[in-house]
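Each value in this text was obtained by applying a stated rule to the coordinates, not by laboratory testing. Keep in mind the model is a prediction, meaning the values are calculated, not measured. Neighbour counts run over all protein chains shown; Cβ positions are idealised from the backbone, glycine included.
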Amino acid sequence: MKKPVLERPVLLDVQGITRLYGPAKGCEAIDFQLHAGEVLGIVGESGSGKSTLLRVLAGLEAPDAGQVLYRRQADDAGGEDAELDLYAIGEARRRALLRLEWGLVHQNPRDGLRMGVSAGANIGERLMAQGQRHYGQLRASGQAWMRQVELDPGRIDDAPRTFSGGMQQRLQIARTLVTRPRLVFMDEPTGGLDVSVQARLLDMLRTLVRQLGLSVVLVTHDLAVARLLAHRLLVMRRGQVVETGLTDQILDDPQHEYTQLLVSSVLTP
Amino acid sequence: MNGYNFAYLDEQTKRMIRRALLKAVAIPGYQVPFGGREMPMPYGWGTGGVQLTASILGADDILKVIDQGADDTTNAVSIRHFFQRVAGVETTTATTAADVIQTRHRIPETPLRAGQILVFQVPIPEPLRFIEPSEQETRLMHALEEYGVMHVKLYEDIARYGHIATTYAYPVKVDGRYVMDPSPIPKFDNPKLDGNPALMLFGAGREKRLYAIPPYTRVESLDFEDHPFEVQRWEHACALCGSDHSYLDEVITDDQGGRMFVCSDTDYCQSRRGEVA
Amino acid sequence: MYVAVKGGEQAIASAHRWLADRRRGDRDRAEIEVAQIGDQLRLAVDRVMSEASLYDPELAALAFKQASGDLTEAVFLLRAYRTTLPRLAVSEPLDTAGMRIERRISATYKDIPGGQILGPTYDYTHRLLDFLQLAGAEVPPAETRDDVTDAEPCPQILELLNDEGLVEQAIDDGSEPMDITRDPPDYPMERAARLQMLARGDEGYLLALGYSTQRGYGRNHPFAGEIRQGQVEVEIHVEEWDETICVGEIALSECQMINQFGGSREAAPQFTRGYGLAFGHNERKTMAMALVDRALRAEELGEPISGPAQQAEFVLAHADSVDASGFVSHLKLPHYVDFQSELDLLRRLRREHAARQAEVEGARDAASPKPEER
């Protein structure tokens, strides 16, 4: 049973984020907070600006205005600043953060995987970037993570292109989570997959999120996915947030008329 | 030669290259961009090395040029002639007698001494190039020390072949900081890079980059703890000098598949034969 | 015995003598003169000058002769010579609007001030071999007209659009452009540097890339706004006299493409430009260059990067024929040492593979019942 965890400390503090490509193209004046251990869903139709927002949050695209503040617990920061302003720190620190403490799961696993190297090398890459230099241990971690995401560890030396779409997505998730990131961004993680494959993947994701206590920002147009994974929702339309609240509350009793439309369209697919 | 400055390049260009070389020595393993000039030999045929040699050569220096370890391969001959013509310097084939040694693909077997300079010809200076084609991105990766991807390649080799399958241009880490391409020398020569008393300079003409390993610098070949770096070994000894510790070239002697193995370093081989005889 | 060790010097000298002999050809026939090449094969000379980036018709003709007609080799010869030349002065920006026109056409307007001037073009020739030239037929001289001594001024067509604000302004911000012959490339590269690299880029390469944009790999909807060829004065500013003086004329080809309009919330939509410039008569090159120049502006203009011609590092790093032919041809140099390393590894891998196979088969034989036991 999902339970909001509002008493947890704020991990990500988003203040007035604007990134516009044209009128109502992009996102405008977005504010929200993500708490540690929370899964926040950003929902809306395609073109609502949710993917732009995710790119800004994930450090891939600087905003026109606003701040993304990442708050680490003082003991985790290891003497460094407990609060980091994502676009005020230098590119070096930002990339190190993305590589070491954050993770990003792309909608298309091909964007997140190295298609030319084996599954094991894909999972091991972030560990190697952290300085892990023992082949045997890298391999053992690779196999353990393949089991964790319900892939056959016997296929550790196979190239991702020999995997099905659903398996590639599992592999991407393993590759991202292997360093136990504190914050994970997911962009339509089940998009483009068959319904039956989607269901199993969602189930697995839900288990992983709970087991690892992950903090997640999840972008999806699919309210069923949001209902299953997210504690809280932001509903976006034309670059702006029109409604926020607990997932069940929003999906069962939407207040904004756009949300009502969105929810009703899910009932009549 | 009439009409050209000493060692071909004009003094301004030489100064520009020397400034870049000083920077390279100050930041071991870092690729310094320089305003490479066209040379009267094709790119890829040693224009980078030739520009470096031309910039550091003095009238009293003795020059040795090798290609594949040999003084008599056509390109080594051609470059040696070039410097005889445009600089009039004395040349030698003896490693011990040379002040400056320009090389392609080998480090001499005879240990170098302090004061000597080894100039490498480099085709592709960027060790990350085959993983990341964009120069903008690789420069950023170097700046941020994002080198995990180098080990991805080595990991993949072991997973596929059971060994690290890179046999030449084997990447190294210089002074614990920059990952560097040692040019296409066989990995057999990599240990000679570490703590070498000579100054080692690397020039890539077409790519307009130069870099350096100052004397006595720590140079490590990338590897895994449980798959350490190792060099090639031969079951044979050199058929000419009997050396059992030098890099050997395989020579096909007839059309019946007959082969022999001989030192790739011709000067080393000849001097040993002199001693043996 | 071991032949690779000795004989290199002798072989090189002999090869050079043989090459010179081949170049001279049949001694019963007159040797071709450099002046004839400059005169009768001038398009080849123009191309060599452009890609070598040195305006010297005589030396370009010499390079062409010395290279036995190999354009890439001739470009290389002239380029290697160019790099040794001192820099005496930097010219003022050339004013192509003041060009003494030989040819000038626009595909965007039927009638233009100054008129459409076809000039000496292959455009409307039927590509039929002229066998009379085999027989050495005399060519009648071209007719000249005396009544157009003072030709009408020929304003740049794009400047006409400028008056209405329909085409983007190319503004000189006064900054010193990078010099690609002195400074190493530093990506991303500013447009001035990109244009320099394209100007000395290989014509065939640029033609293929420009063509690819027309076939949909990064379309930019081009119109040949204006193509002009003719003589342009080169001026230098002499500080001692505080005066600008003309030091001579050079022949140039210029192409200004008008491309699809951009625009954003702030900027009103307007046509954009692609630019091509080359020494001599090099129309194909300038058109291709203008297409590629425009394609390389995709990022600046906020267009999606979808075609090879839009990828600046890819396009620019591989455009130079001296770079490219050098590095491709270096594969002819000995690689004994590296090959030996690979050979050694391959043998080892095959040995290990065979050992593993034998093990597997051994295990299978042991597991399966022997034939006689069946």
Distant-in-sequence amide H partners of C:GLY230 (H built 1.01 Å from N, under 5 Å): C:GLU102, C:LEU252
For the stretch B:173-277, alpha-carbon Rg relative to the globular expectation (2.2 N^0.38 Å, N residues): 1.33
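Where nothing but the Cβ of Lys and Arg (+1) and of Asp and Glu (-1) is charged, how large is the charge dipole of the stretch C:9-82 around its Cα centre, in debye to the nearest 20? Don't skip to the answer; put the middle values down first.
Numbers: 11 positive and 13 negative charges, 23 e Å.
That gives a dipole near 100 debye.
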From phi via Karplus (6.51, -1.76, 1.60), per-residue ³J(HN,Hα) for the stretch A:120-128 in Hz, x at Gly/Pro: x, 5, 4, 5, x, 4, 5, 5, 5
Residues C:PHE261, A:PHE185, B:PHE130 arranged by fewest to most Cβ contacts within 10 Å: B:PHE130, C:PHE261, A:PHE185
In sequence order, calculated HN-Hα J values of the stretch A:178-190 (Karplus, 6.51, -1.76, 1.60; Hz; x Gly/Pro): 4, 8, 6, x, 7, 9, 10, 9, 10, 10, 6, x, 10
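Net charge around C:ALA354, counting only other residues with Cβ within less than 15 Å of its Cβ (Lys, Arg = +1; Asp, Glu = -1)?
My count for the surroundings of C:ALA354 gives +2.
How big is the antiparallel share of DSSP beta bridges in the protein assembly as shown, given as a percent to the nearest 5? Working shown, then result.
On the way: 75 of 110 bridges.
For the protein assembly as shown, the DSSP antiparallel bridge percentage is about 70.
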Total formal charge among the other residues, if their Cβ is under 11 angstrom from that of C:ALA324, Lys/Arg +1 and Asp/Glu -1: -2
Inter-chain Cβ neighbour average for residues C:317-323, partner chain, 10 Å: 3
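For every helix of n ≥ 4 consecutive DSSP H residues, a contribution of -39,500 (n - 2.57) applies; sum these over chain A, divide by its total residues, and give [θ] at 222 nm rounded to the nearest 500 deg cm²/dmol. Mind showing how you got there, number by number?
Numbers: 11 runs with 106 residues, N = 269.
Calculated from helices alone, the mean residue ellipticity at 222 nm is -11500 deg cm²/dmol.
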Average other protein chain Cβ within 10 Å of Cβ, residues A:113-124: 4
For B:PHE224, residues with placed amide H under 5 Å, excluding near neighbours: B:PHE229
Dimensions in Å of chain C - Rg and Dmax from alpha carbons: 28.6, 112
Calculated from backbone phi, Karplus (6.51, -1.76, 1.60) coupling profile of the stretch B:103-108 in Hz, x at Gly/Pro: 9, 10, 6, 8, 10, x
Debye intensity ratio in log₁₀ form over the Cα atoms of the stretch C:238-310, taken at each q of 0.11, 0.13, 0.17 Å⁻¹: -0.45, -0.56, -0.73
Point-charge dipole on Cβ atoms (K/R +1, D/E -1) for the stretch B:1-94, about Cα centre, debye to 20: 380 debye
Directionally averaged projected area (convex hull, Cα atoms, the protein assembly as shown), nm²: 55.5 nm²
Two-decimal Rg to Rh for the stretch A:62-194 - Kirkwood Rh, Cα set: 1.01
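How well do other chains shield peptide B:158-169, expressed as the mean number of their Cβ atoms within 10 Å of each residue Cβ?
6
If contacts are Cα pairs under 8 angstrom and at least 6 residues apart, what is the relative contact order of chain A in percent?
On the way: 491 pairs, mean separation 67.7, N = 269.
So the answer I get is 25 percent.
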Label-point separation in nm, B:ALA114 to B:HIS163, each point 7 Å along Cα→Cβ: 3.8 nm
About the Cα centre, charge dipole magnitude for the protein assembly as shown (Lys/Arg +1, Asp/Glu -1 at Cβ), debye: 3100 debye
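For chain B, what is the calculated [θ] at 222 nm in deg cm²/dmol (nearest 500), taking -39500 (n - 2.57) for each run of four or more DSSP H residues and dividing by its residue count? Intermediate values should be presented prior to the final figure.
Numbers: 7 runs with 78 residues, N = 277.
After summing the helix terms and dividing by residue count, I get -8500 deg cm²/dmol.
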Kirkwood Rh and Cα Rg combined as Rg/Rh, chain B: 0.97
Built amide H within the under 5 Å cut-off of A:ARG19, gap 5+: A:CYS27, A:GLU28, A:ALA29, A:ASP64
Local electrostatic count at C:ILE305 - Lys and Arg +1, Asp and Glu -1, tallied over other residues with Cβ under 12 Å: -3
Whole-number percent relative contact order across chain B, with pairs defined as alpha carbons under 8 Å at least 6 apart: 22 percent
Sequence-separation-based contact order of the stretch C:9-82, relative, with Cα cut under 8 Å and 6+ spacing, percent: 26 percent
Sum of -39500 (n - 2.57) over DSSP H runs of 4+, divided by residues of chain C (222 nm, nearest 500): -12000 deg cm²/dmol
Lys/Arg +1, Asp/Glu -1 at C-beta; chain A dipole; positive extreme among A:TYR258, A:ALA88, A:GLY166: A:GLY166
Reduced Cα scattering model of the stretch C:9-82, Debye log10 I(q)/I(0), q = 0.11, 0.20 Å⁻¹: -0.29, -0.82
